[in-house]
Amino acid sequence: NFMKVRNFHFWGFFGSIIIILLLAAISYPWYYPSKMWLHRVDSLEKYNEIGEKYPGIEVDVVLRDSGIPDITHDEDTTFGITLDEYFEELTTTEQHIWIDVKNLTEDNADDWLAWLEENTAEDNIDKDRIILESKNWQTLAKFTNAGWYTSCYIDLDKPSHLSKEEIIHYTDSLEQIANSKCVKALSFPFWWYRSIKKYLDSDIDLLTWAHRSHPLELMFSPLGYRMRKDPQLSVILVKEKGTYHQ
């Protein structure tokens, strides 16, 4: 009976320590590696609630007239927030920002570039704190040549839905993008990570999003551990919705 009581107290104490550590990790995401950034911070309320704790955030932008960047995920929706309001918040921090541009084209690229140059200079935000992402990697070359860190958004079906030949075909096309030097990085959903690492013959920077995973899942999963330790993988976007997700 004595041994049972002692074991009960031991495991009770051990379990309490684990719970405390987990709660601490949830409360303070800045304990996580610097490459884990917060996904879809498309409201200032979400940024002020939980975004400030991360080393970097990701926002979605739709370019309106004259390159004005509207913070929204969908072209037919607006919340009346523009990117300069985020820049004002970042002036007092060292945080990074990943900007997913949903509708970059040759027609709006010059206005967008001019807006970026003017507003980052005004708020004293260095270019190396910003990732510019778009599916239109050819147009991103204009920004790469101007000294911006750019990434091609990879929009492909899940590898589990493809044959080995199709996967190799797609990674060959990614290799051509990497070799073009139009962009500095490739960004993709995490389910492409293993295939890209296996078949892509390039040392280009990699960015990914595990946007359905809380940071703790990546802390304690084998794939999360591998991605966190991979020097080629620079950023992992993670999920934490908070109260003001939109």
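The values are calculated or read from the model by the stated rules, or taken from the named source; none is laboratory data. Bear in mind that the values here come from a model prediction, so they are computed numbers and not experimental data. Glycine gets a Cβ as well: all are built from the backbone with ideal geometry, and neighbour counts include every protein chain shown. When the accessible area is computed, the model is the full protein with side chains, heavy atoms only, and any ligands, DNA or RNA have been set aside. Shrake-Rupley method; radii C 1.70, N 1.55, O 1.52, S 1.80 Å.
Looking only at residues that are closer than 15 Å to Leu200 by Cβ and within 19 Å of the chain's Cα centre (by Cα) in segment 149-167, which one is surrounded by the most Cβ atoms within 10 Å (Cβ to Cβ)?
Ser151
Look at segment 90-118 and say how many of its residues are out of contact with any Gly (no Cβ under 7 Å at 6 or more places or on another chain) and over 27 Å from Leu206 (Cα atoms).
Here the count works out to 3.
Which pairs do you get when a residue that is of a type in the set (S, T, N, Q), found in segment 83-108, comes within reach of a residue that is open to solvent by less than 60 Å² (accessible area, probe 1.4 Å) and part of a loop (DSSP other than H, G, I, E, B), reach meaning Cβ atoms under 8 angstrom, with the pair 6+ apart or on two chains?
Thr91/Asp123; Thr91/Ile125; Gln95/Tyr54; Gln95/Pro55; Thr105/Asn136
Does Leu90 qualify as being closer than 17 Å to Ser66 by Cβ and either open to solvent by less than 40 Å² (accessible area, probe 1.4 Å) or of a type in the set (Phe, Trp, Tyr) (or both)?
Judged against the criteria, Leu90 is not a match.
Just to check your reading of the model, which residue among Lys197, Lys241 is assigned to a helix (DSSP H, G or I), of a type outside the set (A, V, I, L, M) and closer than 25 Å to Tyr54 by Cβ?
Lys197
Restricting attention to segment 40-69, which residues are buried (at least 19 other Cβ atoms within 10 Å of the Cβ), charged (D, E, K, R) and within 14 Å of Leu83 (Cα to Cα)?
Once the filter is applied, which keeps residues that are buried (at least 19 other Cβ atoms within 10 Å of the Cβ), charged (D, E, K, R) and within 14 Å of Leu83 (Cα to Cα), segment 40-69 yields Arg40, Asp42, Glu58, Asp60.
For Lys198, only one of the following conditions fails: (1) at pLDDT 90 or above; (2) in contact with a Pro (Cβ under 9 Å, 6 or more places away or on another chain); (3) surrounded by fewer than 20 Cβ atoms within 10 Å (Cβ to Cβ). What is its number?
(2)
In segment 123-132, how many residues are farther than 10 Å from Leu90 by Cβ and either of a type in the set (Val, Ile, Thr) or without any contact (Cβ under 8 Å) to a residue 24 or more places away in the chain (or both)?
4
Please verify whether Phe188 is of a type outside the set (S, T, N, Q), at pLDDT 95 or above, closer than 18 Å to Asp230 by Cα and in contact with a helix residue (DSSP H, G or I) (Cβ under 9 Å, 6 or more places away or on another chain), treating the condition exactly as stated.
Judged against the criteria, Phe188 is a match.
How many residues does segment 174-213 hold that are out of contact with any strand residue (DSSP E or B) (no Cβ under 7 Å at 6 or more places or on another chain) and not hydrophobic (A, V, I, L, M, F, W, C)?
14
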